Amino acid sequence: MRTQVRRSAGFILCLAACAPNSSARAPQASPDATLVPLDFRYASVGPAPASAPSAHEVSAERMRGRATVIVFLATYDMASQAQARFLTKVFRSHTPRINAAAILLDPPENEPLLAAFGETLRLPYPLAIADRELLAGRGPFGDAHAVPTTVILDELGRMRWKHVGLAKDAEIEHGLADVTQ
């Protein structure tokens with residue numbers, strides 16, 4: 001009987017030791033609110049349409065007027081692929097309508113791969129390539145070179161929510177609720 005109790009106790013201790021503690025949980029979203037609108041401009045992936053070459057960018061100017069969700073992704077990262085799909089779900093179903101975009105943190109010479117990434121996942125929002133400043137963590141979004149990272153801007157272009165790590169659709173909706181109220 002004692003042997004069985006010891007084994008059970010040992011098993012329970014092993015389970016407790018393997019369980020994640022509160023400090024090892026998934027990253028939490030932080031408000032990271034900014035008081036001034038952000039200024040950014042990134043070249044879109046793929047060739048510019050002949051009819052509207054200036055529309056071939058993801059920029060602060062083009063995103064203002066609505067709440068905007070921007071995700072920072074990498075083509076080689078499985079969590080980025082999941083993040084792109086979660087944003088697609090929110091983008092297609094959110095009311096009122098929102099803006100969305102993905103900034104890919106891959107080298108510019110991988111542009112054909114970046115275009116294939118968007119086409120394969122059938123993303124309904126624009127994809128852009130990060131510039132050197134953003135890749136170095138010096139862009140307007142702060143330290144956004146961890147993938148995936150999600151930010152939400154209000155209709156004026158101010159960053160109101162930021163989440164480092166995979167943000168599921170319900171978490172993005174929660175962040176949007178705080179911004180659009």
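Every read-out reported here was derived from the displayed coordinates using simple, explicitly stated rules and does not represent laboratory data. No experiment lies behind these values; they were computed from the predicted model shown. Reconstructed Cβ throughout: ideal geometry from the backbone, glycine too, with neighbour counts over all protein chains shown.
Points to keep in mind about this one:
- Three-way shape call for region 27-180 based on the alpha-carbon gyration tensor, with the a/c threshold at 1.5: rounded
- Per-residue Cβ neighbour counts within 10 Å put Arg85, Arg92 in the sequence Arg92, Arg85, beginning with the fewest.
- Segment Arg66-Ala146, length gained on full extension (0.36 nm per residue, minus Cα span): 26.3 nm
- Efficiency of FRET between Leu113 and Glu173 - r from beta-carbon atoms, R0 45 angstrom, step 0.05: 0.90
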